[in-house]
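A quick write-up on the structure given underneath.
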Ligand code: NAD
């Protein structure tokens, strides 16, 4: 399954149903710029290794490119292009003045020492310095990149450009210009969206059951938020397996067990199940929060949830999307459900440019307003076009990007 081909299928559908122009398709079906560097890194044993790396600058009609840098052994250009495209859509869905970009380095960071990881991160920032910056392209963390890596990249960028520009990257530690709330923003945004969906579907909180695939940054924070709000979290999973207790999981115990053993398998307060089985449980809300391509043509017939909230990027294939819609399952797409992360990244950039910092309460108040307004706009679009929420979100976003491109006379 090619991620970029899936992304273009979603784009084509939105352009057709939204009545958007052929020139919009022409412009948005390709990235504006792809930069590719081999990064030389001196390893601890004195040897030299070259690492393939990318930055895809997809579209900047609405503002500077914005998007994370992924460190992963399997990252490739097609994946980075898809992620850069989805970032353009995501920023436009929530109406923040930024475009879409993404970066990637082909590396297994778990096999590097801390000093090797630092040299690699600094090499990326130095090599890409001519193309990134607070008013050009603003990277952030993604899979296997961390606030510490952002701090190294900012430090290196500032050295090679002779500036002091914290706004050249987001997701930084608080001590060097990070934002309050950034660490939990993705799940927080997803939680605000879920609260709106629950109201629309008139689900009863105390009785609403939730299963979450992935117990990392996004998934574990989401589990805590929904449980605190009164939902019943009955299943969670990590790469080892899933755990299921129809009466509800005691999350504190789950976290303790995961911390001490490093995995969820064998947790005594629940039945161990496979990740595949978790997706098919009889729950009200299913939250994929791990990987791409989890709900596909093969298992879509067995999905029983009423709501699928995509905290992960790209967990559902286009074929499965259509089938879920036909079955009446409400799927809240990644570009809306996980947009809390990029929205607070945008807040971080704004605070860096102003050199004036907000409290966590201010951050979450602003986030809630943006996410709830965006959800309502997408919901109304879906009703008026009689379509699914993903296509509706794309119509809203592509409409905004195409308006900006027309104002710049890039398209007619
Ligand atoms: P993470 O690395 O913190 O957590 C990933 C989780 O997925 C881990 O619990 C891991 O064990 C689990 N996992 C890995 N392989 C699995 C498998 N085969 N089956 C089931 N679970 C598996 O990552 P994260 O930051 O929580 O990101 C998760 C997803 O959310 C990704 O798709 C990411 O792109 C998306 N996302 C994250 C953010 C953010 O701010 N963290 C923002 C937007 C989107």
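Quick look at the numbers
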{"quantity": "The range 251-292, residues that are assigned to a loop (DSSP other than H, G, I, E, B), under 22 Å from residue 230 (Cβ atoms) and touching a strand residue (DSSP E or B) at 6+ places or on another chain (Cβ under 7 Å)", "calculated": "270, 281, 283, 284, 289"}
{"quantity": "Residue among 253, 276 that alone is surrounded by fewer than 16 Cβ atoms within 10 Å (Cβ to Cβ), farther than 30 Å from residue 357 by Cα and within 13 Å of the ligand (Cβ to nearest atom)", "calculated": "276"}
{"quantity": "Criterion: farther than 15 Å from residue 10 by Cβ, outside the structural domain of residue 81 (by TED's automatic domain parsing) and within 16 Å of the ligand (Cβ to nearest atom) - qualifying residue of 359, 316, 343", "calculated": "343"}
{"quantity": "Set 310, 368: member being at negative phi and surrounded by fewer than 24 Cβ atoms within 10 Å (Cβ to Cβ)", "calculated": "368"}
{"quantity": "Residue 298 vs. criteria outside the structural domain of residue 102 (by TED's automatic domain parsing), away from the ligand (no atom under 16 Å from the Cβ), at pLDDT 95 or above and out of contact with any helix residue (DSSP H, G or I) (no Cβ under 7 Å at 6 or more places or on another chain)", "calculated": "no"}
{"quantity": "Conditions (1) surrounded by fewer than 24 Cβ atoms within 10 Å (Cβ to Cβ); (2) in contact with a helix residue (DSSP H, G or I) (Cβ under 6 Å, 6 or more places away or on another chain): number failed by residue 259", "calculated": "(2)"}
{"quantity": "Residues satisfying the stated conditions in the range 94-122, i.e. surrounded by 24 or more Cβ atoms within 10 Å (Cβ to Cβ) and within 17 Å of the chain's Cα centre (by Cα)", "calculated": "94, 98, 99, 100, 101, 102, 103, 104"}
{"quantity": "Search result, residues across the range 49-87 that are more than 27 Å from residue 353 (Cα to Cα), more than 18 Å from the chain's Cα centre (by Cα) and touching a residue at least 60 places away in the same chain (Cβ under 8 Å)", "calculated": "51, 53"}
{"quantity": "Subset of the range 185-228 that is assigned to a helix (DSSP H, G or I), within 9 Å of the ligand (Cβ to nearest atom) and modelled with pLDDT under 95 - its residue that is surrounded by the most Cβ atoms within 10 Å (Cβ to Cβ)", "calculated": "218"}
{"quantity": "Subset of the range 293-320 [in contact with a strand residue (DSSP E or B) (Cβ under 9 Å, 6 or more places away or on another chain) and part of a loop (DSSP other than H, G, I, E, B)]", "calculated": "293, 294, 296, 303, 304, 305, 306, 310, 311, 312, 315, 317"}
{"quantity": "Which numbered condition residue 304 misses (of (1) more than 20 Å from residue 219 (Cβ to Cβ); (2) away from the ligand (no atom under 16 Å from the Cβ); (3) free of Cβ contacts under 8 Å to residues at least 40 places away in the same chain)", "calculated": "(1)"}
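The values are calculated or read from the model by the stated rules, or taken from the named source; none is laboratory data. Fair warning: this is a prediction, and the values are worked out from it, not measured in the lab. Heads up, the Cβs are rebuilt from the backbone with ideal geometry, glycines too, and the neighbour counts pull from every protein chain shown.
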